[in-house]
Amino acid sequence: MAAVSGSVRLQRCVVSPAGRHSASLIFLHGSGDSGQGLRKWIKQVLNQDLTFQHIKIIYPTAPPRPYTPMKGGISNVWFDRVKISNDCPEHLESIDVMCQVLTELINDEVQSGIKKNRILIGGFSMGGCMAMHVAYRNHRDVAGVFALSSFLNKTSAVYQALQKRGGELPELFQCHGTADELVLHAWGKETNSVLQSLGVSTTFHTFPGLYHELSTGELEKLKSWILTKLPGEMERQKE
């Protein structure tokens, strides 16, 4: 199968705002999932869709590609990796191609009239890792980044990019369960600590007993944070 190219247009599941569209949220799924699948999962956890009065939510789907942890099987993943570990090199070729593809998605929002500082990007597991690459290496003028049950490798290109170039950086919101056996809580915590040491303003919420999954409490905290980063018209007028 041919490698994914930077000219790919992602399938998108979109939840429109109830009122006037003045901000956008890009929510990236974990490995093997889809935009539609993530939306359904969030709906199951919350017993309702995640919706906002003024924020459009975009759940893109990663294009299918061979995935090494599945012995080269085809899966909807944002990038390839040798294994699920924080102690191995990143597959930068596939990460960089997807940074380009997601840049096109961000540019589509900008062209529709949404300013970069009114766009948030984040995701679950691999989606959160991808979001950190996109924001901290390519789009430091977004409103913020969120990463749920996610991590960066110890020698991540994200760390290298931040070491080379300072300046204003988007805030990071992280959540992680202590019972996560796929992506260890310690990996998420280490990612947070390193990013903080490199100048990123971070928040890290620990959820005792939570596995590699989403929870109601986590999504409620995320929703509150989203509204602080992307306030509606009335809240912005009060500031």
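The values are calculated or read from the model by the stated rules, or taken from the named source; none is laboratory data. Since this is a predicted model, take the numbers as computed values, not measurements. Using ideal geometry, Cβ is built from the backbone for each residue, glycine included, and neighbour counts are taken over all protein chains shown. Note: accessible area is taken over every heavy atom of the protein model, side chains too, but ligands, DNA and RNA are not part of it. Shrake-Rupley method; radii C 1.70, N 1.55, O 1.52, S 1.80 Å.
Brief remarks follow.
- Take the chain with all the other protein chains still there, run a 1.4 Å probe, and you get 44 Å² of accessible area per residue.
- Considering segment 110-239, its Cα convex hull presents a mean projected area of 8.5 nm².
- In this structure the amide hydrogen of ASP80, modeled in the peptide plane, comes within under 5 Å of the amide hydrogens of SER94, ILE95, none closer than 5 places in sequence on its chain.
- The chain, relative contact order [Cα under 8 Å, separation at least 6], %: 17 percent
- Length added when fully stretched, HIS91-SER224, from 0.36 nm per residue minus Cα-Cα: 44.5 nm
- Measure of compaction for segment 1-124 (Cα Rg per 2.2 N^0.38 Å): 1.12
- Across LYS83/LYS116; LYS83/LYS189; LYS116/LYS221; LYS43/LYS71; LYS116/LYS164, pairs whose alpha-carbon gap is larger than 28 Å: LYS83/LYS116; LYS43/LYS71
- Straight-line reach from LYS40: taking Cα to Cα under 19 Å and skipping same-chain neighbours fewer than 8 places apart, the aspartates and glutamates in range are ASP49, GLU213, GLU218, GLU220.
- Evaluated at q = 0.25 Å⁻¹: base-10 log I(q)/I(0), Debye formula over Cα of segment 9-82: -1.06
- Antiparallel bridge percentage (DSSP; both residues within the chain; nearest 5): 30 percent
- Candidate aspartates and glutamates - alpha carbon under 16 Å from LYS115, same-chain residues fewer than 8 apart omitted: GLU104, ASP141, GLU233
- Segment 80-239, dipole about Cα centre (Lys/Arg Cβ +1, Asp/Glu Cβ -1), debye to the nearest 20: 420 debye
- Pairwise Cα distances in segment 177-233 exceed 17 Å for 49 percent of all pairs.
- Beta bridges per DSSP with both ends in segment 1-131, % antiparallel, nearest 5: 55 percent
- In this structure CYS99 has an accessible area near 10 Å², from a 1.4 Å probe over the protein heavy atoms.
- Taking a quarter of the surface of the Cα convex hull of segment 79-177 gives a mean projected area of 6.3 nm².
- Remark on the chain: hydrodynamic radius 17.9 angstrom, per the Kirkwood mean of 1/r across alpha carbon pairs.
- Share of carbon and sulfur in the accessible heavy-atom surface of the chain [1.4 Å probe, %]: 49 percent
- Taking the convex hull of Cα positions in segment 34-76, its mean projected area over all directions (nm²): 3.8 nm²
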